[in-house]
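The next block holds one structure in the form of structure tokens; read it before the comments.
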Amino acid sequence: MSDDLLISFASWEDRCRLGFDRNLKNNQILKALVFSFDAYTRRTRDSMDAIGDLCMQSNIELTQVKLSADQPSNNWKIVIKSIDDNIEECKEILIDISTMPREIIWYILWLTEQKSIPTRYVYYSPQKYGDWLTRDPRPPRLVYKLSGVALPSAKTALLITTGFDLQRVRRLINWFEPAKLIIGIQNASQFSRNDETIRRYHNMFQKESDCAIFELNAFDPDRGIATIEKELIKIDSSYNIIMSSLGPKLTAISLYMIKKDNEKIGLVYTPSAQYSQDYSSGIGKCFDGIVRS
């Protein structure tokens, strides 16, 4: 592949540096733009040192950019400037979403699409997840440029693609108090079927008023888009529809692609205050696709 610009997000997970190395080996990268959160500078130091060494060895121009997890408006401005500064004369873009927060994924996807440059994404799964991933979910927030069009006094329909983090799901539901709730549960993982997770969601939410639970597979070639769209078709036009990705990272791509085709639908991000030091280990399968050809 001949991707000129690689955009990624620094993490302390093994797949951050291992994935970066694979991206350089499998693509013709000339420049790398690497974002990170300032609150995790110590945790990400080893990864950033490794990325710096890889770029130096391959004569790749590296730009590192710090963001703040709790300042979305500032992040939006910084991401805009960073994209503008690095995209000049760029012919193709590769976005590594593996360890990138969904809000930042959506910022970058929207911004790169405005430039009409061929763009692909890549996702590396881990070999194993830790005992817990996130804790203490913060207030949900609509995403800049992707918040949709809300009808005055209309009821809210909330569609969530979910994974293991029930706390974040519950916080999101309590925050918006939707009149209609649609929960999409990942029916299989790279390790095994998520039968226990599916049972937990059914037990917790099946008694909610007007709640529909369906299964999807974000690892299918279409990233589960067709399955999600079948559920959205069932919602009549009297609802304001918002969607959130809390399941497999690939559903961030799925929801973005659906949002692109419907300006009325909004995207919501639910951050967490704590991320596990042992979030994941190793690097597993690679999944990639085209955002814009």
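Quick notes
- Residues in the stretch 234-249 that are buried (at least 23 other Cβ atoms within 10 Å of the Cβ) and assigned to a loop (DSSP other than H, G, I, E, B): Leu246, Gly247, Pro248.
- Annotation note: Cβ proximity below 6 Å between a residue of the stretch 78-101 that is in a loop (DSSP other than H, G, I, E, B) and a residue that is modelled with pLDDT of 95 or more and among the polar types (S, T, N, Q) (sequence gap 6+ or interchain) occurs for Thr99/Ser11.
- Output for the stretch 177-210, where each listed residue is surrounded by 17 or more Cβ atoms within 10 Å (Cβ to Cβ) and at pLDDT 80 or above: Pro178, Lys180, Leu181, Ile182, Ile183, Gly184, Ile185, Gln186, Asn187
- Residue in the stretch 102-113 that is within 25 Å of Gln274 (Cα to Cα) and either basic (Lys, Arg) or assigned to a loop (DSSP other than H, G, I, E, B) (or both) present: yes
- Answer from Asp46, Asp70 - the residue that is on the phi < 0 side of the Ramachandran plot, in the same structural domain as Tyr121 (by TED's automatic domain parsing), out of contact with any strand residue (DSSP E or B) (no Cβ under 8 Å at 6 or more places or on another chain) and assigned to a helix (DSSP H, G or I): Asp46
- The residue list Arg22, Arg15 contains one member that is in contact with a strand residue (DSSP E or B) (Cβ under 9 Å, 6 or more places away or on another chain), modelled with pLDDT of 95 or more, more than 20 Å from Pro101 (Cβ to Cβ) and not hydrophobic (A, V, I, L, M, F, W, C), which is Arg22.
The values are calculated or read from the model by the stated rules, or taken from the named source; none is laboratory data. Bear in mind the structure is a predicted one, so any value in this text is a computation, not a measurement. Ideal geometry is used to build each Cβ from the backbone, glycine not excepted, and the neighbour counts take in all protein chains shown.
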